[in-house]
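Colleague: This is the structure I want to talk about, given as structure tokens.
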Amino acid sequence: MDEDRDMESGTASLGQVTPVVRLSLHEQIVTKVREMIQLGELPPGATISENDLCGSLGISRTPLREALKVLASENLVHLRPHRAPLVSPVDSDEIAELFELLSILEPAAGALACQRASSSEINRLRDMHEQLMGHYYTRERTRYFSDNQAIHHEIVRLAGNKVMLATYQSLQGRVLRARSMANLTQARWAESSAEHEALIRAFCEHDDAAVSRLLYEHTRETEAAVLRALNTSETA
């Protein structure tokens, strides 16, 4: 009888409740330090001070060192015997190859997303874009960059292909550090914002061919800006 009343009232039994997933301390440290590297708080080639990092994160050396091993396996950190670890440098040749793949994957994902996304999903994408432009007008670079990445991720997610999404996440994670460097110049920031405006307009018009073309052009323009930034830093 109690079970019947639960069903009638819409109350789920304990067996039906999805457990809350919480990150372990180790996972939290890996995620935080990875983010610091990807967003340039720990720039390429920088020496990682374990004392400073432990102090800022409020942790001991043991979990930090375990986290650095994970990041070394992702080629984000270079571990050195009896010396402080380094943030791995960005390889411009590798970045060019990653963008070559993204220039194929993102346009294909964009076309599928345009074909498959519901009106409410496209409206949400438009809302995300309006928030992005708000950050552009108020010159909030960090928030703009974060929302920019969220929009690109959402477009690939809306394609409805899990393998494509996993591949994109892997590629994007490897190129994110370099990609953040492209928005350092005001000119590129303005160009990127205009490209996003045209992209969202094409989504709202359900023009999958235009979405694909605009994503290809946007990815290639971003690649050019990233490689210019990398070449400038290498020759400075």
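The values are calculated or read from the model by the stated rules, or taken from the named source; none is laboratory data. Quick caveat, the model's predicted, so the values are computed rather than measured. Please note: Cβ atoms are built from the backbone with ideal geometry, for glycine as well, and neighbour counts cover all protein chains shown. Only protein heavy atoms, including side chains, enter the accessible area calculation; ligands, DNA and RNA are left aside. Shrake-Rupley method; radii C 1.70, N 1.55, O 1.52, S 1.80 Å.
Colleague: Assuming Ala113 fulfils every condition listed in (1) at pLDDT below 95; (2) under 21 Å from Ala194 (Cα atoms) apart from one, which condition is it?
Modeller: (1)
Colleague: Quick check on segment 15-51: of everything there that is part of a helix (DSSP H, G or I) and modelled with pLDDT under 80, which residue is surrounded by the most Cβ atoms within 10 Å (Cβ to Cβ)?
Modeller: Here the answer is Gln16.
Colleague: Cβ-Cβ under 7 Å, sequence separation 6+ or interchain: first residue in segment 25-48 and in contact (Cβ under 8 Å) with a residue 40 or more places away in the chain and closer than 19 Å to Ala84 by Cα, partner open to solvent by 80 Å² or more (accessible area, probe 1.4 Å) and not in a helix (DSSP H, G or I). Which pairs?
Modeller: From residues that are in contact (Cβ under 8 Å) with a residue 40 or more places away in the chain and closer than 19 Å to Ala84 by Cα, the pairs are Pro44/Pro89; Gly45/Pro89.
Colleague: Please verify whether segment 54-70 includes one or more residues that are within 26 Å of Ala229 (Cα to Cα), among the aliphatic types (A, V, I, L, M) and at pLDDT 90 or above. Please lay out each step first, then the result.
Modeller: As a first pass, look at segment 54-70 and keep what is within 26 Å of Ala229 (Cα to Cα): none.
No.
Colleague: Filter segment 190-213 for residues that are over 21 Å from the mean Cα position of the chain (by Cα) and open to solvent by 80 Å² or more (accessible area, probe 1.4 Å); which is nearest to His129 (Cα to Cα)?
Modeller: Per the stated criteria, the residue is Arg201.
Colleague: A follow-up question, please. Every residue in segment 96-141 that is polar (S, T, N, Q) and either over 30 Å from Asn231 (Cα atoms) or in contact with a Cys (Cβ under 9 Å, 6 or more places away or on another chain) (or both), please.
Modeller: Gln115, Ser118, Ser119, Ser120, Asn123, Gln131
Colleague: Then there's this: Return the total of residues in segment 67-84 being open to solvent by less than 80 Å² (accessible area, probe 1.4 Å) and either out of contact with any strand residue (DSSP E or B) (no Cβ under 6 Å at 6 or more places or on another chain) or under 19 Å from Gly173 (Cβ atoms) (or both).
Modeller: Looking only at that region, the number is 9.
Colleague: Additional query: Taking segment 141-169 only, how many residues are open to solvent by 60 Å² or more (accessible area, probe 1.4 Å) and over 21 Å from Val211 (Cβ atoms)?
Modeller: 4
Colleague: One residue is enough: does segment 61-68 have a residue meeting the conditions touching a residue at least 40 places away in the same chain (Cβ under 8 Å), in a loop (DSSP other than H, G, I, E, B) and on the phi < 0 side of the Ramachandran plot?
Modeller: Taking every residue of segment 61-68 in turn, none turns out to be touching a residue at least 40 places away in the same chain (Cβ under 8 Å), in a loop (DSSP other than H, G, I, E, B) and on the phi < 0 side of the Ramachandran plot.
Colleague: If you check Gly58 against the conditions, is it more than 30 Å from Ile155 (Cα to Cα) and without any contact (Cβ under 8 Å) to a residue 40 or more places away in the chain? Please lay out each step first, then the result.
Modeller: Values: more than 30 Å from Ile155 (Cα to Cα): yes; without any contact (Cβ under 8 Å) to a residue 40 or more places away in the chain: yes.
Yes: the conditions hold for Gly58.
Yes/no matrix, rows are residues, columns are (1) under 28 Å from Val90 (Cβ atoms); (2) open to solvent by 60 Å² or more (accessible area, probe 1.4 Å); (3) in contact (Cβ under 8 Å) with a residue 40 or more places away in the chain:
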site	(1), (2), (3)
Ile122	no, no, yes
Leu171	yes, no, yes
Arg179	yes, no, yes
Arg188	yes, no, no
Leu215	yes, no, yes
